[in-house]
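What follows is a set of notes on a single structure, which appears directly below.
Every number here is computed from the coordinates shown, using simple stated rules; none is lab data. Not measured: the values here are computed from a predicted model. Cβ: placed from backbone, ideal geometry, glycine included. Neighbour counts: every protein chain shown.
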Amino acid sequence: MSDELSTLLERFKTRDTRALARIITLAERSADFSERLLDALGEQTHRRAHVIGVTGAPGVGKSTLIDKLVLKFREKGKSVGVIAIDPSSVFSGGAVLGDRSRMNRLSVDPQVFIRSFGTAGELGGLSRGARDAIKILRAFGKDVIIVETTGTGQNEVDVALYVHTSVVVTMPGLGDDLQLMEAGFPEIGDVFVLNKSDLAGSDASYAELKNMVQLRYAERAWKPRVIKTVGVSAQGVDELLRALEEHYDHLVSSGELALRENAGFRKEVEEIIKERLEHELKRYLENRFSEQSVNHNPYKVAKSLLGEFTKLLKV
Amino acid sequence: MGLDGHDRGVKVIARALSDAGMEVIYTGLRQTPEQVAYAALQEDADVVAISILSGAHMTLVPDVLEHLKKLGASDIPVVVGGIIPDDDAKELKRLGVFEVMGPGTPLKQLVSVIEAAASARWKS
């Protein structure tokens with residue numbers, strides 16, 4: 001196994017796409033593999049790269065927009081990695097991942113690497129595999145890494161911790177200004193995009209969105225840009241690219257880049273502990289539940305089991 | 001792939017495979033064989049499944065195999081479904097296609113063929 005890792009890493013260093021793809025798979029499958037991998041990669045996973053999150057409700061046009069955005073980055077000579085995350089079925093664990101079908105023209109460009117992920121039971125945030133894929137793509141030397149997630153509320157808050165710039169995509173007619181004021185309004189956007197802005201009602205939606213962003217972000221150093229785009233015709237994509245670059249420059253000059261990466265690191269450690277605990281707890285409960293009879297008080301049973309579990313813990 | 005405009009069948013199959021717990025990356029209509037091969041490479045696919053109803057299978061499928069080879073990914077098994085005459089099916093299998101399935105193949109059988117193809121790869 002460790003032989004497999006070292007052979008793969010040799011090929012990885014020569015920019016072998018096959019090895020890159022394989023390493024991402026193995027990391028997704030096993031946390032132990034990830035641990036050894038990150039040891040081997042060391043500082044390389046912190047190579048300078050711009051990690052961009054793109055989130056928004058299903059159907060607002062994220063993939064098509066990313067398709068156009070990647071072309072712009074390519075025109076500037078940047079190599080790009082895309083991590084496209086779609087929901088998995090909670091029941092079967094399987095998934096139909098379709099984001100790639102909107103970016104296929106890109107995939108024959110050897111400087112572009114697109115990888116699809118299922119959410120794999122993760123309700124908010126990024127799955128372990130997707131988090132590691134960001135690091136692996138960074139170590140591989142990608143200049144720009146775009147993470148696409150389907151978000152409909154607070155779950156994108158967690159995703160924002162793992163990226164440098166968060167882009168929130170919406171479209172005309174998705175909600176009025178009151179809904180924008182409700183709790184679901186993303187508080188993590190660094191750039192807001194009103195896509196499909198050739199649709200009727202886009203001027204009103206744009207004004208509402210802009211107002212809301214000004215209100216919500218009044219106290220912050222970075223004032224999020226609000227940009228109108230039409231993904232299919234690439235309208236507004238130049239402006240979007242400029243906003244992304246401006247935000248990155250802001251992060252660097254204000255020192256916020258390091259702060260964000262620290263927050264992301266802490267969150268990730270917390271997630272890994274949670275994942276391990278959950279795994280251990282499930283195993284423990286499977287054995288204990290068969291002995292446990294139905295009781296009228298779940299709190300009491302939980303307390304005694306928790307006491308027993310923590311004593312057993314030697315993770 | 002190619003000019004084929006039929007995607008009803010491939011979507012039913014994608015759904016069935018997903019229900020069986022697999023992750024299906026749907027590449028969409030009108031892809032080139034090269035795009036399919038690159039997708040398989042980047043996604044580190046365990047199996048490439050191609051649905052073809054256009055009659056162009058003897059051109060497109062060998063082309064996919066060729067591109068996979070060029071990318072150093074010829075170990076990824078290729079499964080073909082669609083309206084394929086027996087003689088063509090034989091020839092495709094001779095060229096290295098793992099299995100060819102015709103119309104009316106039960107979804108259960110399809111799932112087990114894909115599973116067999118995937119596990120053959122993980123053993124090697």
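Structure data summary
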read-out: Part-to-part distance (alpha-carbon centres) for region A:20-58 and region B:88-106, which is given in Å; value: 37
read-out: Shielding of A:88-100 by partner chains, average beta-carbon count, 10 Å; value: 6
read-out: Chain lengthening between A:Val90 and A:Glu219 when straightened (0.36 nm per residue, less Cα-Cα); value: 42.5 nm
read-out: Convex hull projection area averaged over all views, chain A, Cα basis, nm²; value: 19.5
read-out: All-pairs alpha carbon distance profile, region B:8-118, 5 Å steps from 0, percent; value: 2, 12, 25, 26, 23, 11, 1
read-out: Reach of B:Lys93 by Cα under 25 Å, taken over lysines that are not fewer than 8 positions away in the same chain; value: B:Lys11, B:Lys69, B:Lys70, B:Lys108, B:Lys123
read-out: In nm, spacing of pseudo-spin labels at A:Ile273 and A:His250 (7 Å Cα→C-beta vector); value: 3.2
read-out: Highest-fluctuation residue, A:Ala243, A:Ala57, A:Ala95 considered, GNM on chain A with Cα pairs under 10 Å; value: A:Ala95
read-out: Peptide-level mean, for B:9-19, of C-beta atoms on other protein chains within 10 Å; value: 3
read-out: Among A:201-207, B:27-33, the order from most to least packed when residues are scored by Cβ within 10 Å on average; value: B:27-33, A:201-207
read-out: Shielding of B:25-35 by partner chains, average beta-carbon count, 10 Å; value: 5
read-out: Partner aspartates and glutamates for A:Lys142 [C-alpha distance under 12 Å; skip if fewer than 8 residues away on the same chain]; value: none
read-out: Length-normalised contact order of region B:8-118 in % [C-alpha pairs under 8 Å, at least 6 apart]; value: 26
read-out: Helix axis angle, A:237-254 relative to chain A longest principal axis, alpha carbon, degrees; value: 60
read-out: For A:Arg15, A:Arg100, order by how many other beta-carbon atoms lie within 10 Å, fewest first; value: A:Arg15, A:Arg100
read-out: Exposure proxy order (Cβ contacts within 10 Å, fewest to most) of A:Lys210, A:Lys223, A:Lys142; value: A:Lys223, A:Lys210, A:Lys142
read-out: Hits among lysines - C-alpha to C-alpha of A:Lys303 under 20 Å, sequence gap 8 or more where chains match; value: A:Lys274, A:Lys282, A:Lys311, A:Lys314
